[in-house]
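K.L.:
Got a structure here, written out as structure tokens. Questions coming.
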Amino acid sequence: MTHHFELEQQTHAALAQYYRWYQVYEVPFTPARIANQKDILSDDIEIISQMGTSKGKAGLEDRLKVFAGWKNAHHVQNTQVRRTAQGQLQLEADIVYQNIRPDDSKFSYTLHYSTLLSPRAQDLPVFERLELTPTGEVKEFKFEPAYAQNRARSLMHYWLYLVETSHQDSGKFLEILAPNFALQLSDQTRISTLAQLTQWLASIPSRIQSSTHAYKNLQVTALSDGTIRVSVDFDWRGINLVGQQMVGATHHEWLLINNMDERFARIQSMQVTMLTPFQLAP
């Protein structure tokens with residue numbers, strides 16, 4: 001098995017989980033949303049913040065009660081993932097946190113996140129440790145919701161992770177596709193059934209050994225009916241069957257349906273247009 005792009009692929013997995021971390025705080029609590037929060041944490045998770053240090057996920061409901069009725073937004077500014085000598089994933093990030101409390105008091109801080117995730121075979125990694133360090137205060141600010149942005153980014157990274165790694169396991173995609181999904185690929189291939197998706201995924205290893213995607217120009221729009229529109233460009237890099245480097249670029253337009261109680265939003269429709277045809281790297 002090739003190890004080209006393995007860190008990039010694991011980075012997608014880590015970021016799929018990282019953007020899930022914020023979602024529970026940005027919409028009203030439900031048992032399902034709290035369960036989804038526990039799903040990204042290891043059993044002996046250690047969380048270190050100004051509120052103190054907590055170990056384990058058993059008392060999570062009680063810890064979340066503090067935030068009931070708060071309006072929270074987490075605007076992620078940058079992220080960096082690297083592999084530690086022990087094989088864990090170290091994710092560092094900076095965010096702008098915005099908060100309006102039930103008494104209408106408003107607060108905004110910049111925070112640095114230092115986290116460790118443990119990879120799992122054929123599954124997303126889980127957080128072993130999160131350390132939150134305040135790095136500054138924002139005096140004047142306008143509250144901007146961030147839920148749709150974090151929801152869409154989490155799904156986008158999970159989609160990329162699955163496309164890059166799950167060529168034999170189309171079943172995992174069922175969680176992130178709407179029941180009546182329609183995908184139009186850059187070569188005009190249309191995919192609207194699991195059988196067609198399985199066939200497409202299985203064809204990828206006949207063309208390339210390994211690939212990864214980097215995104216840019218991401219725009220996320222929360223629509224009034226609860227759906228989310230995503231516009232994004234992907235720079236693609238691959239290694240073909242004879243070991244040559246390949247490049248390409250595509251533009252994607254997605255429409256997501258969103259049941260807030262599920263782990264991820266779901267892709268209703270995807271339209272892909274070619275920006276740079278897949279070709280040997282110059």
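K.L.:
Has the range 244-258 got at least one residue that is small (Gly, Ala, Ser) and surrounded by 15 or more Cβ atoms within 10 Å (Cβ to Cβ)? Please lay out each step first, then the result.
P.N.:
Of the range 244-258, the ones small (Gly, Ala, Ser) are 248-249.
Checking which are surrounded by 15 or more Cβ atoms within 10 Å (Cβ to Cβ) leaves us with 248-249.
Yes, the range 244-258 contains at least one residue that is small (Gly, Ala, Ser) and surrounded by 15 or more Cβ atoms within 10 Å (Cβ to Cβ).
K.L.:
Something else about it: Looking only at the range 198-215, decide whether some residue is assigned to a helix (DSSP H, G or I), in contact (Cβ under 8 Å) with a residue 12 or more places away in the chain, surrounded by 18 or more Cβ atoms within 10 Å (Cβ to Cβ) and not acidic (Asp, Glu).
P.N.:
Checked against the condition, which is being assigned to a helix (DSSP H, G or I), in contact (Cβ under 8 Å) with a residue 12 or more places away in the chain, surrounded by 18 or more Cβ atoms within 10 Å (Cβ to Cβ) and not acidic (Asp, Glu), the range 198-215 yields at least one hit.
K.L.:
Got a number for residues in the range 104-129 being without any contact (Cβ under 8 Å) to a residue 12 or more places away in the chain and within 21 Å of SER42 (Cβ to Cβ)?
P.N.:
3
K.L.:
How many residues are part of a strand (DSSP E or B), out of contact with any Lys or Arg (no Cβ under 7 Å at 6 or more places or on another chain) and of a type in the set (Val, Ile, Thr) if we restrict to the range 237-282?
P.N.:
Number satisfying all stated conditions: 6.
K.L.:
Scan (1) under 14 Å from VAL163 (Cβ atoms); (2) open to solvent by 30 Å² or more (accessible area, probe 1.4 Å); (3) in contact with a strand residue (DSSP E or B) (Cβ under 8 Å, 6 or more places away or on another chain) for the single condition GLY238 breaks and write down its number.
P.N.:
(2)
K.L.:
Exactly one condition in (1) open to solvent by less than 10 Å² (accessible area, probe 1.4 Å); (2) in a helix (DSSP H, G or I) is false for ILE45; which is it?
P.N.:
Checking ILE45 against (1) open to solvent by less than 10 Å² (accessible area, probe 1.4 Å); (2) in a helix (DSSP H, G or I), the one that fails is (2).
K.L.:
If you don't mind, there's one more thing I want to ask. If we scan the range 55-71, do we find a residue that is open to solvent by 40 Å² or more (accessible area, probe 1.4 Å), closer than 22 Å to PHE141 by Cβ and in contact with a Lys or Arg (Cβ under 7 Å, 6 or more places away or on another chain)?
P.N.:
Yes, the range 55-71 contains at least one residue that is open to solvent by 40 Å² or more (accessible area, probe 1.4 Å), closer than 22 Å to PHE141 by Cβ and in contact with a Lys or Arg (Cβ under 7 Å, 6 or more places away or on another chain).
K.L.:
As an exercise: evaluate VAL220 against (1) part of a strand (DSSP E or B); (2) out of contact with any Ser or Thr (no Cβ under 7 Å at 6 or more places or on another chain); (3) farther than 20 Å from TRP21 by Cα; (4) among the hydrophobic types (A, V, I, L, M, F, W, C) and give the number of the one condition it does not meet.
P.N.:
Going through (1) part of a strand (DSSP E or B); (2) out of contact with any Ser or Thr (no Cβ under 7 Å at 6 or more places or on another chain); (3) farther than 20 Å from TRP21 by Cα; (4) among the hydrophobic types (A, V, I, L, M, F, W, C) one by one, VAL220 breaks only (3).
K.L.:
Do we have ASP225 as over 20 Å from LEU256 (Cβ atoms) and open to solvent by 70 Å² or more (accessible area, probe 1.4 Å) here?
P.N.:
So ASP225 fails the test.
K.L.:
I'm trying to understand the selection: among the residues of the range 158-171, which are among the polar types (S, T, N, Q) and either surrounded by 13 or more Cβ atoms within 10 Å (Cβ to Cβ) or in a helix (DSSP H, G or I) (or both)?
P.N.:
Matches in the range 158-171: THR165, SER166, SER170.
K.L.:
Evaluate the range 92-99: report whether one residue or more is farther than 17 Å from ILE40 by Cα, among the acidic types (Asp, Glu), in the same structural domain as GLY69 (by the TED database) and open to solvent by 70 Å² or more (accessible area, probe 1.4 Å).
P.N.:
Checked against the condition, which is being farther than 17 Å from ILE40 by Cα, among the acidic types (Asp, Glu), in the same structural domain as GLY69 (by the TED database) and open to solvent by 70 Å² or more (accessible area, probe 1.4 Å), the range 92-99 yields no hits at all.
K.L.:
Which of the residues that make up the range 172-183 are open to solvent by less than 40 Å² (accessible area, probe 1.4 Å), within 15 Å of TRP200 (Cα to Cα) and not in a strand (DSSP E or B)?
P.N.:
Residue satisfying the conditions is PHE173 alone.
K.L.:
Here is a check on your reading of the model: is PRO145 touching a helix residue (DSSP H, G or I) at 6+ places or on another chain (Cβ under 9 Å), at pLDDT 95 or above, assigned to a loop (DSSP other than H, G, I, E, B) and open to solvent by 30 Å² or more (accessible area, probe 1.4 Å)?
P.N.:
On the way: touching a helix residue (DSSP H, G or I) at 6+ places or on another chain (Cβ under 9 Å): yes; at pLDDT 95 or above: yes; assigned to a loop (DSSP other than H, G, I, E, B): yes; open to solvent by 30 Å² or more (accessible area, probe 1.4 Å): yes.
So PRO145 fits the description; yes.
The values are calculated or read from the model by the stated rules, or taken from the named source; none is laboratory data. All figures in this text were calculated on a predicted structure; none of them were measured in a lab. Note that we place each Cβ from the backbone using ideal geometry, even for glycine, and neighbour counts take in every protein chain shown. Areas reflect the complete protein model, heavy atoms only, side chains present, ligands, DNA and RNA absent. Shrake-Rupley method; radii C 1.70, N 1.55, O 1.52, S 1.80 Å.
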